[in-house]
Amino acid sequence: MGLALRLTFQEKDYVFEIVSANTITKATTDLSLIFNGEKVSLLKDDKGVWKQGDGTVSLEPELMQALGRSVSLRFRI
């Protein structure tokens, strides 16, 4: 999609870009993002919690949840 979004997490600002090839809907359970220049995959489990999928960089779980929530709010999913 190429849409750049901003996120403030623990008093730090982050910019990330959604690069998922699929259309984002309420049924979306996986997303691909570019976060700090690295490709990161987000997966939504059965409980609605966003977790990190595969990727070269490992991020803390709270940041992953904040990224997922940010996208969810933006696209109303």
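The values are calculated or read from the model by the stated rules, or taken from the named source; none is laboratory data. These numbers come from a predicted model, not from an experiment. Please note: Cβ atoms are built from the backbone with ideal geometry, for glycine as well, and neighbour counts cover all protein chains shown.
Quick notes
- Of all the numbered requirements in (1) modelled with pLDDT under 90; (2) more than 17 Å from GLU17 (Cα to Cα); (3) surrounded by 11 or more Cβ atoms within 10 Å (Cβ to Cβ), ALA27 misses one, and that requirement is (3).
- Residue satisfying all of: in region 37-71; modelled with pLDDT of 90 or more and among the hydroxyl-bearing types (Ser, Thr, Tyr); farthest from THR25 (Cα to Cα) among these: SER41
- With a requirement of 3 or more residues that are among the aliphatic types (A, V, I, L, M), the strands (runs of 3 or more DSSP E) lying completely within the chain that satisfy it span 3-9, 30-35, 38-44.
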